[in-house]
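Undergrad: The structure's right below; bear with me while I get my questions together.
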Amino acid sequence: MKRVFILLALLISTTAFGQMDKTYAERLGFPKGEKVLIFHVDDCGMSYSSNQGAYKSMEQGVATSCSIMMPCPWAASFIHYLQKNNPKADAGLHLTLTSEWNDYRWPALSGFQQVPGLSDGDGCLYHSVEQVIKNASPDEVEREIRAQVERAKRLGWAPSHIDSHMGTLFAYPPFLERYVKVGIEMGIPVMFPGGNNKMMIESMNLPLIKKMKAEGTWKEGTKLEAKRYGLTDLFGEASKMGEKLWNAGLPVLDDLHTFSGDWKPAGNPTAKEWGKYKAQQWIETIKNMNPGVAMMIVHSSDITEEFKFVSGSGGSRLADMNSMMDPDLRAYIEKEGIILTTFRELLERRKKVK
């Protein structure tokens, strides 16, 4: 996933940065110069621990939005909880085309006979983005996207937006086209960073990549890989994609932050220390971001004993949850007048723009 977004950041930067006179936040009616944030919890429905982390991050913390992995076993439970406790919650769909863990797996909702190119020998979704690109057709991807939206509707949930688990839908142009197509057709906001992308570019170590290119040390294999996946042509048109979504009546993000999962203090921190560290990193990130509307991704989980059989990422996920509930982060947001928003609010604002 990190490689996908490094290439995304590199290629977006060639056209999107600084092209618009107004940020998308301003175009949506927010005051000029304001920083508008969506703290977004990914991976809801993946496990019991994931659900508990999302509830606490949104009910007790600063998180304002989340998205659900519909093929996963705890997705229905998450929706039932929201229907009972928070029916207006900003909960979208974390469109899921991979099943990355070793033993804890899930199949495509379409069924492996309907989407064989999305299904491995276990009858589950493939482990990696690369395997999906190699084996799946755009038609199969669209079929599965629609199946995941349909399951949410059958459960009585209208998703506030759609986004992409592990960045799979951003990794290959024909997949992104289907992602955008379905969102526009159904009138569901599509998570897409079409603005300045300063925060995203910096978080992807783009300055280092530029330095390597200038020195001639940029690996040729990486450029060939980008060409192989068709990324150069696609993200050279990133700002146009943002305008396409905007012109279709959907809101667009100015920026995106995806890698709080990499934040860890030195040594062997306690859960409290790790969460506090991440909270301070969020404060520094917000200080340095450009004005506009940005999405900050976390993977909050309130780790239970069985989660160790799912993934080794429990420490980081617990720290994400604790950072969302950190009083210093909340105090900073309030002191600086940072505006917290949701995709539902963005769509309502977009509807009012002529």
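The values are calculated or read from the model by the stated rules, or taken from the named source; none is laboratory data. Note that the coordinates shown come from a computational prediction; the quantities given were computed from them, not determined experimentally. As a convention, Cβ positions derive from the backbone with ideal geometry for all residues, glycine included, and neighbour counts pool all protein chains shown.
Undergrad: Restricting to the stretch 160-178, name every residue that is in a helix (DSSP H, G or I) and touching an Asp or Glu at 6+ places or on another chain (Cβ under 6 Å).
TA: Arg178
Undergrad: So, one more: Could you say whether any residue in the stretch 85-107 is in a loop (DSSP other than H, G, I, E, B), over 30 Å from Leu340 (Cα atoms), free of Cβ contacts under 8 Å to residues at least 24 places away in the same chain and over 19 Å from the mean Cα position of the chain (by Cα)?
TA: yes
Residues checked against (1) surrounded by fewer than 23 Cβ atoms within 10 Å (Cβ to Cβ); (2) closer than 30 Å to Lys354 by Cβ:
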position: Gln281; (1), (2): yes, no
position: Pro291; (1), (2): yes, yes
position: Ser301; (1), (2): no, no
position: Glu305; (1), (2): yes, no
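Undergrad: So for the stretch 234-252 (the condition being under 18 Å from Arg178 (Cα atoms), in a helix (DSSP H, G or I), of a type in the set (Ser, Thr, Tyr) and at pLDDT below 90), does at least one residue qualify?
TA: Scanning the stretch 234-252, I find at least one residue that is under 18 Å from Arg178 (Cα atoms), in a helix (DSSP H, G or I), of a type in the set (Ser, Thr, Tyr) and at pLDDT below 90, so the answer is yes.
Undergrad: Moving on. Would a scan of the stretch 7-30 turn up a residue that is more than 23 Å from Arg344 (Cβ to Cβ), at pLDDT 95 or above and surrounded by fewer than 19 Cβ atoms within 10 Å (Cβ to Cβ)?
TA: There is no residue in the stretch 7-30 that is more than 23 Å from Arg344 (Cβ to Cβ), at pLDDT 95 or above and surrounded by fewer than 19 Cβ atoms within 10 Å (Cβ to Cβ).
Undergrad: Another question, if that's okay. Can you spot a residue in the stretch 313-322 that is within 20 Å of Trp101 (Cα to Cα) and polar (S, T, N, Q)?
TA: Looking through the stretch 313-322, at least one residue is within 20 Å of Trp101 (Cα to Cα) and polar (S, T, N, Q).
Undergrad: Another question about this same structure. Of the residues that sit in the stretch 307-347 and are closer than 15 Å to Gln52 by Cβ and charged (D, E, K, R), which one is surrounded by the most Cβ atoms within 10 Å (Cβ to Cβ)?
TA: Asp320
Undergrad: Separate question: Out of all the residues in the stretch 117-129, which are outside any loop (DSSP other than H, G, I, E, B) and either without any contact (Cβ under 8 Å) to a residue 12 or more places away in the chain or touching a Ser or Thr at 6+ places or on another chain (Cβ under 7 Å) (or both)?
TA: Gly117, Leu125, Val129
Undergrad: Name every residue in the stretch 59-78 that is outside any loop (DSSP other than H, G, I, E, B) and surrounded by fewer than 24 Cβ atoms within 10 Å (Cβ to Cβ), in order of residue number.
TA: Within the stretch 59-78, the first condition is being outside any loop (DSSP other than H, G, I, E, B), and the residues that meet it are 59, 65-68, 75-78.
Once the filter is applied, which keeps residues that are outside any loop (DSSP other than H, G, I, E, B) and surrounded by fewer than 24 Cβ atoms within 10 Å (Cβ to Cβ), the stretch 59-78 yields Glu59, Ala76, Ser77.
Undergrad: Could you please tell me which pairs satisfy a Cβ distance under 6 Å, a separation of 6+ or placement on different chains, a first residue in the stretch 176-192 that is on the phi < 0 side of the Ramachandran plot, and a second residue that is of a type in the set (Gly, Ala, Ser) and part of a helix (DSSP H, G or I)?
TA: Short answer, once both residue conditions are applied: Val190/Gly183.
Undergrad: Among Lys352, Lys335, Lys278, which is modelled with pLDDT of 95 or more and within 18 Å of Gly33 (Cα to Cα)? First the steps, then the outcome.
TA: Details: Lys352 fails: within 18 Å of Gly33 (Cα to Cα); Lys278 fails: within 18 Å of Gly33 (Cα to Cα).
Just a single option satisfies the conditions, and that option is Lys335.
Undergrad: Still on this structure, I have one more. I need the full set of residues from the stretch 253-279 which are outside any helix (DSSP H, G or I) and free of Cβ contacts under 8 Å to residues at least 60 places away in the same chain, in order please.
TA: Our first condition is that a residue be outside any helix (DSSP H, G or I); within the stretch 253-279, this holds for 253-259, 263-270.
Listed by number, the residues that qualify are His257, Trp263, Lys264, Pro265, Ala266, Gly267, Asn268, Pro269, Thr270.
Undergrad: Being under 30 Å from Arg350 (Cβ atoms), in a helix (DSSP H, G or I) and touching a residue at least 24 places away in the same chain (Cβ under 8 Å): is that true of Trp282 here?
TA: Criteria met by Trp282.
Undergrad: If Met324 passes every condition in (1) under 15 Å from Thr64 (Cα atoms); (2) without any contact (Cβ under 8 Å) to a residue 60 or more places away in the chain; (3) touching a helix residue (DSSP H, G or I) at 6+ places or on another chain (Cβ under 6 Å) but one, which one does it miss?
TA: (2)
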